[in-house]
Amino acid sequence: MASGIIEHEGIVSRVEGDRVYVKITSQSACGACKAREACGLAEAQEKIVEVTTPGAQQHYTAGESVTVGVRRSAGAVAVILAYVGALAVLLGALAAAVAALGWSEGRSALAALAAVGVYYCVLWLFRHKIEHTIHFSITKNY
């Protein structure tokens, strides 16, 4: 695996036009532990990744084993948008409500939560623009 790429193995669930839908299993850190069945805390989630690739219908079929990759920098951008941005909005709104507006802590907390909700709505509105900055690659496993 290349150091600049995050890769996951998966199975093609379906192909539509130039899009390949790949089912991958995302595991938590304890998901690979040998004692996970006894522990009961292991988390494994199935996710569908949409990969746009030219000639998808000619090259891929449902049930094939593939590897999906994404640049590490794209993963970092996603983390920044999803978590760091939301935290900055939360803290900024809370500080502004308490210090600048002089609101009570309860009212300020509700305003900060509402600001985070607005932040996620704005991200949702720009999802198609954000989508184009994160490119997945796909290769067959032989």
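The values are calculated or read from the model by the stated rules, or taken from the named source; none is laboratory data. The model shown is predicted, which means the values in this text are computed figures rather than measured ones. Cβ: placed from backbone, ideal geometry, glycine included. Neighbour counts: every protein chain shown. Accessible surface is based on the protein model in full, side chains and every heavy atom, while ligands, DNA and RNA are left aside. Shrake-Rupley method; radii C 1.70, N 1.55, O 1.52, S 1.80 Å.
Figures for the structure shown
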{"quantity": "Hey, L81 of a type outside the set (F, W, Y) and open to solvent by 70 Å² or more (accessible area, probe 1.4 Å) or not", "calculated": "no"}
{"quantity": "From L113, L101, L125, L94, residue being in contact (Cβ under 8 Å) with a residue 12 or more places away in the chain, open to solvent by 100 Å² or more (accessible area, probe 1.4 Å) and outside the structural domain of E50 (by the TED database)", "calculated": "L113"}
{"quantity": "Residue within segment 110-127 that is small (G, A, S) and closer than 18 Å to E50 by Cβ present", "calculated": "no"}
{"quantity": "Any hit, segment 52-74, residues being exposed (fewer than 14 other Cβ atoms within 10 Å of the Cβ), closer than 30 Å to A112 by Cα and not aromatic (F, W, Y)", "calculated": "yes"}
